[in-house]
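Remarks on the structure that follows.
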Amino acid sequence: MMTGELVKEFRNRFQKVPEHIFFCPGRVNLIGEHIDYNGGQVMPCAISRGTFLAVSKNLDKKFRFHCLNFSEVAELHLQESYSRTGKQWFNYPLGIINQLLADGHNLSGLDMLFYGNLPVGAGLSSSASIEVLTAFAFNELFRLNISGKQMALLSKKVENEFIGVNCGIMDQFAVAMGQKNKAILLNCDSLEYEYIPFNTGNHVLAVINTNKPRTLVDSKYNERFAECGAALKALKKELVINSLCELSIAEYELAKHLINDPVLEKRALHVVSENARVKDAAIALQTGDPGVFGKLMYASHQSLKELYEVTGKELDTIVDFCKTFQGCIGARMTGAGFGGCAIAMVQQNMFDDFSEKLFQHYQHTIGYAPDIFAVTAEDGVAELKA
């Protein structure tokens, strides 16, 4: 969508021109899956799809929420606090407003029109995109002097306490702090981070949405979280560690007898080996070696499939195809798993051929079509020129 269309629609709905247009990207995690809650580092990047917001102040102390993707609209008077109502999309911006008011900021009425071109529920952080976008817009309009890192933390708090989803900080941090052609190497516990060059050269980063309805994610996520906790507890009988990711693969191999449970041993081995892969991936990108990075992507997926068991037929079908396609140097699931999206590094001049053949193969194997599109690593949340 061009901003001109958004301006036109805003004028139709509110009988005036928006004062500002803001954009917040979504994100993909390039490598480092299911280790953020085990003391490891993740490597997300902000992407070229996300959420737009056209906005103007009003004088009648009302917050008006409209969205081109959803039919529900809301008009709420300015009050001291709000609570979540049902599962409507506008709970995400409303939660941000509620938190800003709780933090003592003075706000006034706004007319807001959102539009997103991220697939909802596909694991590309559409919710974090809306949250950080709203926080950024209020920060700019009311001069709240909130930093990007603070916006990420505020948005995570809203997701956890207002929306009721027990997520970590990665999504909000990536979309608030992204930089063009860079990945972020982030420790989700300490919030220490550094930017890693993500120059894909003659390759493009493809996102493949399985379009699988995701029903297992929360229950299996909590199950894996508990399994990792149990493995850590067993290792602590003899080791002085606070998290699984403190162990090297060699140290883990020497100590795994303490766990004495084949399932928990697999879970812990994924965590320890994935953490090592993230470190190797950072070196591969810093030294400009996409081939090594691609091999680490494949190894990551294999570990998530065999040791962590969170992939499923849809994601495996995509990655197995990628291994047979000459112009693809790496692929893996991204996000929590059991559906959602995979990512792949594909030779630029072969992307159309890749998309066409993968589309046909997936549809034939799974019974319905995937969505396939290319993205680039982009800057985080920002104001756009109308």
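The values are calculated or read from the model by the stated rules, or taken from the named source; none is laboratory data. On a predicted model such as this, the values are computed, not experimentally measured, just so you know. Because the Cβ atoms are built from the backbone with ideal geometry, glycine has one as well, and the counts that use them run over all protein chains shown.
For segment 17-26, the condition holds for at least one residue, the condition being that it is in a strand (DSSP E or B) and out of contact with any Leu (no Cβ under 8 Å at 6 or more places or on another chain).
Residues that are among the small types (Gly, Ala, Ser) and part of a loop (DSSP other than H, G, I, E, B) within segment 87-139 comprise Gly104, Ser108, Gly109, Gly121, Ala122, Gly123, Ser125, listed in sequence order. Applying the set (1) at pLDDT below 95; (2) crowded, with 24+ Cβ neighbours inside 10 Å to Ala336 leaves exactly one unmet item: (2). Do we have Ala374 as surrounded by fewer than 24 Cβ atoms within 10 Å (Cβ to Cβ) and not in a strand (DSSP E or B) here? It is false that Ala374 is surrounded by fewer than 24 Cβ atoms within 10 Å (Cβ to Cβ) and not in a strand (DSSP E or B).
Close contacts from segment 11-37, counting a first residue that is surrounded by fewer than 18 Cβ atoms within 10 Å (Cβ to Cβ) and a second that is among the polar types (S, T, N, Q) and part of a loop (DSSP other than H, G, I, E, B), with Cβ to Cβ under 9 Å and a gap of 6+ residues or different chains, come to Lys16/Asn58. Just wondering, is there one or more residues in segment 44-55 that are assigned to a loop (DSSP other than H, G, I, E, B) and either outside the structural domain of Lys149 (by TED's automatic domain parsing) or modelled with pLDDT of 95 or more (or both)? No, there is no match, as no residue in segment 44-55 is assigned to a loop (DSSP other than H, G, I, E, B) and either outside the structural domain of Lys149 (by TED's automatic domain parsing) or modelled with pLDDT of 95 or more (or both). The residue that is nearest to the chain's Cα centre (by Cα), counting only those in segment 351-371 that are surrounded by fewer than 14 Cβ atoms within 10 Å (Cβ to Cβ) and of a type in the set (Gly, Ala, Ser), is Ala369.
Every residue, every condition in (1) buried (at least 18 other Cβ atoms within 10 Å of the Cβ); (2) more than 29 Å from Glu356 (Cα to Cα); (3) small (Gly, Ala, Ser), yes or no:
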| residue | (1), (2), (3) |
| --- | --- |
| Arg277 | yes, yes, no |
| Ser300 | yes, no, yes |
| Ser303 | yes, no, yes |
| Glu309 | no, no, no |
| Leu315 | yes, no, no |
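Applying a threshold of 6 Å to beta carbon distances and a minimum spacing of six or more residues, or different chains, the list of pairs starting in segment 295-324 at a residue that is more than 14 Å from Gly32 (Cα to Cα) and touching a residue at least 40 places away in the same chain (Cβ under 8 Å) and ending at one that is outside any helix (DSSP H, G or I) and aromatic (Phe, Trp, Tyr) reads Gly312/Phe338.
Sort out which residues of segment 121-156 are free of Cβ contacts under 8 Å to residues at least 12 places away in the same chain and among the aliphatic types (A, V, I, L, M), and write them in order of number.
Looking only at segment 121-156, we keep the residues that are free of Cβ contacts under 8 Å to residues at least 12 places away in the same chain, and these are 143, 145-147, 150.
The one that is free of Cβ contacts under 8 Å to residues at least 12 places away in the same chain and among the aliphatic types (A, V, I, L, M): Ile146.
Restricting Asn117, Asn98, Asn106, Asn91 to those that are in contact (Cβ under 8 Å) with a residue 60 or more places away in the chain, polar (S, T, N, Q) and over 25 Å from Ser48 (Cα atoms) reduces the list to Asn98. Does segment 160-168 contain at least one residue that is touching a residue at least 24 places away in the same chain (Cβ under 8 Å), touching a strand residue (DSSP E or B) at 6+ places or on another chain (Cβ under 7 Å) and outside the structural domain of Asp280 (by TED's automatic domain parsing)? Checking segment 160-168: not a single residue is touching a residue at least 24 places away in the same chain (Cβ under 8 Å), touching a strand residue (DSSP E or B) at 6+ places or on another chain (Cβ under 7 Å) and outside the structural domain of Asp280 (by TED's automatic domain parsing).
Looking at this structure, is Leu254 surrounded by fewer than 19 Cβ atoms within 10 Å (Cβ to Cβ), of a type outside the set (D, E, K, R) and more than 20 Å from the chain's Cα centre (by Cα)? Steps first, please.
Numbers: surrounded by fewer than 19 Cβ atoms within 10 Å (Cβ to Cβ): yes; of a type outside the set (D, E, K, R): yes; more than 20 Å from the chain's Cα centre (by Cα): yes.
When the stated conditions are applied, Leu254 passes them.
Annotation: Lys157 fulfils all but one of (1) touching a strand residue (DSSP E or B) at 6+ places or on another chain (Cβ under 7 Å); (2) over 23 Å from Leu384 (Cα atoms); (3) surrounded by fewer than 24 Cβ atoms within 10 Å (Cβ to Cβ); the unmet one is (1).
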